[in-house]
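Take a look at the structure below.
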Amino acid sequence: MTVESTAARTPRRSTTSGGKRASAKKAAPKKSTGSTGSTEPQLIQLLTPEGKRVKNAEYDSYVADITADELRALYRDMVLTRRFDAEATSLQRQGELGLWASLLGQEAAQIGSGRATRDDDYVFPTYREHGVAWCRGVDPTNLLGMFRGVNNGGWDPNTNNFHLYTIVIGSQTLHATGYAMGVAKDGADSAVIAYFGDGASSQGDVAEAFTFSAVYNAPVVFFCQNNQWAISEPTEKQTRVPLYQRAQGFGFPGVRVDGNDVLAVLAVTKWALERARTGEGPALIEAFTYRMGAHTTSDDPTKYRNDDEREAWEAKDPILRLRTYLESEGHADEGFFAELEAESEALGKRVREVVRAMPDPDLMAIFENAYADGHALVDEERAQFAAYQASFAEEGGK
């Protein structure tokens, strides 16, 4: 499959994506029998950092029929998503993008949850869900226009049921809840999933979304990627309990899953989406993972994180974990990995070419649409900025 057709493809309705099951009622998850052995409570895991498959009585059934082809597809998704992310980071460093929010280390959380969705589900992302966008069939180069300042998103949300990126922290959870309430009133057999981070979980919008979704039994899944750092603020400075436990106070189930285990994330998200579709209401998933890079390219994580912490999480790398499992089970050979490497190179080249062909942002556009009918102060600021920009041309002409 070509890179172009992969990036722009319609989201596949995989056999692992979960249609209706015979049992509509899904109980709240119990303690995992396949945990990491960590002191962290209820960390659902199906694939250990060493690439060993472990059993879990509650969630095994959701991935029991997964094929070798589908496992390779999950691996391919993560590899190509990471390559795209690396290219975007490099392009920002070269001055081609104004900013970039890297997903490095969070590939399993995004690909696992993204591949659990159905075509008719609706996704509300933040600004880091590049892997979820990939799963929903959004061409990755469309994500870069906003970060270059040449558009407000670059894709039609209704084409792929994938909303535009949301910069305002946490507000998309309210949008998702309202949309899910509408889905319920329409009687549709679909669900909504809202992504946010551990930092956003402290926002009032998220608490309000929890309240409304619970009271109205909205078919929405709240997917929190707990990468443990809200810019420079560690999670323990924001909460006294694990984030998934917050759901209990609002009256719906919460689950903590190993966010670096793509199989576990796939299974848990399928569980949550299924119960939402069958009228069981909202659920909260806390994908416990780690942000390997900076919060954005304007951030320097070495100022607040130590190398030991990062090295410990590098050993839990989600891509290496699945590759080890594929090799040990004989599901992938060197030919597969070589072909994927070539596809990765082709994707990187296309991303660079597309971005460099984009126009420069219109610097004066910042003053447009500030007020519906115009404003004297905005007019004054526009004139001052125009004069400032013109001064560079005057200096260059001397």
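Looking at region 43-148, the helices (runs of 4 or more DSSP H) lying wholly inside it that each contain 3 or more residues that are touching a residue at least 12 places away in the same chain (Cβ under 8 Å), open to solvent by less than 40 Å² (accessible area, probe 1.4 Å) and within 15 Å of LEU347 (Cβ to Cβ) sit at 68-93, 130-135.
Screening region 222-252 for residues that are among the aromatic types (Phe, Trp, Tyr) and touching a Lys or Arg at 6+ places or on another chain (Cβ under 9 Å) and picking the one that is surrounded by the fewest Cβ atoms within 10 Å (Cβ to Cβ) gives TRP229. Inside region 311-327, residues that are open to solvent by 80 Å² or more (accessible area, probe 1.4 Å) and not charged (D, E, K, R) make up a count of 1.
Inclusion of GLY178 among residues that are without any contact (Cβ under 8 Å) to a residue 40 or more places away in the chain and part of a helix (DSSP H, G or I) is warranted.
Quick check on region 290-310. Is at least one of its residues free of Cβ contacts under 8 Å to residues at least 60 places away in the same chain, over 19 Å from VAL79 (Cβ atoms) and surrounded by 15 or more Cβ atoms within 10 Å (Cβ to Cβ)?
Start the filter on region 290-310 by keeping residues that are free of Cβ contacts under 8 Å to residues at least 60 places away in the same chain, which leaves 300, 302, 306-310.
Still in the list and also over 19 Å from VAL79 (Cβ atoms): 300, 302, 306-310.
Filter once more, so that each one left must be surrounded by 15 or more Cβ atoms within 10 Å (Cβ to Cβ): 310.
Checked against the condition, which is being free of Cβ contacts under 8 Å to residues at least 60 places away in the same chain, over 19 Å from VAL79 (Cβ atoms) and surrounded by 15 or more Cβ atoms within 10 Å (Cβ to Cβ), region 290-310 yields at least one hit.
In this structure, does ASP333 turn out to be more than 19 Å from TRP134 (Cβ to Cβ), among the charged types (D, E, K, R) and surrounded by 19 or more Cβ atoms within 10 Å (Cβ to Cβ)? Taking the combined requirement at face value, the residue does not satisfy it. In the condition set (1) out of contact with any strand residue (DSSP E or B) (no Cβ under 7 Å at 6 or more places or on another chain); (2) open to solvent by less than 50 Å² (accessible area, probe 1.4 Å); (3) not aromatic (Phe, Trp, Tyr), ASP379 is compliant with all but (2). The C-beta contact set for region 375-392 (first residue in contact (Cβ under 8 Å) with a residue 60 or more places away in the chain, second residue assigned to a helix (DSSP H, G or I), distance under 6 angstrom, 6+ apart or interchain) is empty.
Evaluate the following for ASP189: is it among the charged types (D, E, K, R) and open to solvent by less than 20 Å² (accessible area, probe 1.4 Å)? Answer is no for this residue.
Scanning region 205-221 for residues that are small (Gly, Ala, Ser) and either open to solvent by less than 10 Å² (accessible area, probe 1.4 Å) or at pLDDT below 95 (or both) yields ALA209, SER213, ALA218.
In region 164-175, which residues are open to solvent by 60 Å² or more (accessible area, probe 1.4 Å) and part of a loop (DSSP other than H, G, I, E, B)?
ILE167, VAL168, ILE169
The values are calculated or read from the model by the stated rules, or taken from the named source; none is laboratory data. The shown structure was predicted, so the numbers you read here are calculated from the model rather than taken from an experiment. Ideal geometry is used to build each Cβ from the backbone, glycine not excepted, and the neighbour counts take in all protein chains shown. Ligands, DNA and RNA are excluded from the accessible area calculation, which covers all protein heavy atoms including side chains. Shrake-Rupley method; radii C 1.70, N 1.55, O 1.52, S 1.80 Å.
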